[in-house]
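Below you'll find the structure, written out as structure tokens, and then a few comments.
Rule-based calculations on the coordinates, nothing more; no lab input. It should be emphasised that the depicted structure is a prediction, and the values quoted were computed from it without experimental measurement. All Cβ positions, even for glycine, are placed from backbone atoms using ideal geometry, and neighbour counts span all protein chains on display.
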């Protein structure tokens, strides 16, 4: 059963109330998000829609895969860094990126997106391939592979092209999976505090695949995102059955 945006916000707040390091923070009325304590401050998670979100940190403000009308970000702090995982239109929107990048110091993309950028945006951008590292406004970043493994899905996200990202933020480790299935590189991750994991067919993976992977790499907190018509109740049940101990947070993505 899918829940409305309002219900998702209420349930997310209730879930977070039981975790000592996390609380719900109103940035402004539209941009309410979740707060995670770090060594010297806080990480704020502000879902925008589907796979787009804003992450505030003790350092830079990071926009992840911003798409849609730029007005959707009007209540958010301006970006210092923009991360793009890959070229699909629900992750990379050239017009939106051009507008939001006016206030951004840097853009980090995969090489395939780098080739598509305007010359103005290329001047601000750094291309990071699978396995490579970069500095994201003072935050160490590592590009993690993101790809399909099921035969009939290989055409969507071929191996070697698209990125997920792992960021080390003031003592917390954040994993943004991008569009991927439950690949070995995801399952091998350790020490993840906050993870963003997709689940929708035919582009990424099933609820059961996502739950199996999460149960293996054991993030402290997992946000299902990019899930559209997937059943989050089914995901949570599968995670519980797999003895997964991660706290599931249902953000207001839709």
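Some values worked out for this structure:
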quantity	calculated
Inter-centroid distance (Cα atoms) of the range 182-221 relative to the range 120-175, Å	15 Å
Gyration tensor (alpha-carbon) shape descriptor, the range 28-103, a/c threshold 1.5	prolate
The range 122-207 shape via C-alpha gyration tensor axes, a/c threshold 1.5	oblate
Translational diffusion of the chain, µm² s⁻¹ [Kirkwood Rh, Cα pairs; Stokes-Einstein; 10 °C; 1.306 mPa s]	88 µm²/s
Mean ellipticity per residue at 222 nm, deg cm²/dmol - from DSSP H runs of n ≥ 4 across the chain, formula -39500 (n - 2.57)	-5500 deg cm²/dmol
Shape category assigned to the range 58-143 from the gyration tensor of Cα positions, a/c cut at 1.5	oblate
Peptide ranges 181-190, 55-64 listed from the most packed, as the mean C-beta count within 10 angstrom indicates	55-64, 181-190
Contact order normalised by residue count of the chain, Cα under 8 Å, 6+ apart, percent	15 percent
Theoretical gain in end-to-end length, residue 159 to residue 115 [0.36 nm per residue, Cα-Cα removed]	14.1 nm
